[in-house]
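Taking it in order: structure first as structure tokens, then the write-up.
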Amino acid sequence: MAEKGTVILLTGDGKGKTTSALGQLFRALGNGWKVCFLQFIKGEWPTGEKTLAEKFAGRLLFKSLGKGFTWEGEPGEHIRANREAFEYAREEVNSGKWDLVVLDELTYLVHYEMITEQDVLDLIQGRPPGLHLVITGRGAGQWLIDECDIVSEILPLKYPRDREAVKGIEY
């Protein structure tokens, strides 16, 4: 493992941030790494990636945290649940158990003021040496872009917003 881990940010309004993070996850698994994938905001419903993740038990922890989408349920519940989720993520990041940790949709926690920019900076800067991080979500601030080693912006050139989510494509 590298002496200093790489921090990758996948942001933008296009579809594919989580999908790209999953690609990084499977590359890491293929190289023998232990990986932790934590989803904020997204719900508990079954997805293809969760089903596949079960096959990597022992080398992959795959968890959805929080209370799901912010427009569902009581706002106070979301804030409390996502602050607890971030604390759980901090524990996993600092546990020394992982080579790669993916924090999927983390930018939303800052956007909705559930955690602060400084919370995220402290997490990145205080992580164990050699731990690689992938952070996803729309609307990443310049402060986060500046802190990361690799930043990709995914833009929506074409996306059919008038259809239902397709199993195997969106979930």
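A short reminder: the numbers here are calculations on the coordinates, not readings from a lab. Worth saying up front: this structure is predicted, and the values here are computed from it rather than measured. Neighbour counts are summed over all protein chains in view; Cβ atoms, including those assigned to glycine, are modelled from backbone coordinates with ideal geometry.
Things to note:
- Checking the Cα-Cα distances for Lys17/Lys158; Lys15/Lys167; Lys50/Lys158 against a 20 Å cut-off, the pairs over it are Lys50/Lys158.
- With all projection directions averaged, the alpha carbon convex hull of the chain covers 9.9 nm².
- Total charge dipole magnitude, the chain, about the Cα centre, Cβ charges on Lys, Arg, Asp, Glu only, Debye to nearest 20: 680
- For peptides 160-169, 9-18, sequence by mean Cβ density within 10 Å, most packed first: 9-18, 160-169
- Available extension along the chain between Leu121 and Lys4 is 40.5 nm, counting 0.36 nm per residue and deducting the alpha carbon span.
- Candidate lysines - alpha carbon under 18 Å from Lys97, same-chain residues fewer than 8 apart omitted: Lys4, Lys34, Lys63
- Computed over the chain, the per-residue total of -39500 (n - 2.57) for DSSP H runs of n ≥ 4 gives a 222 nm mean residue ellipticity of -10500 deg cm²/dmol, rounded to 500.
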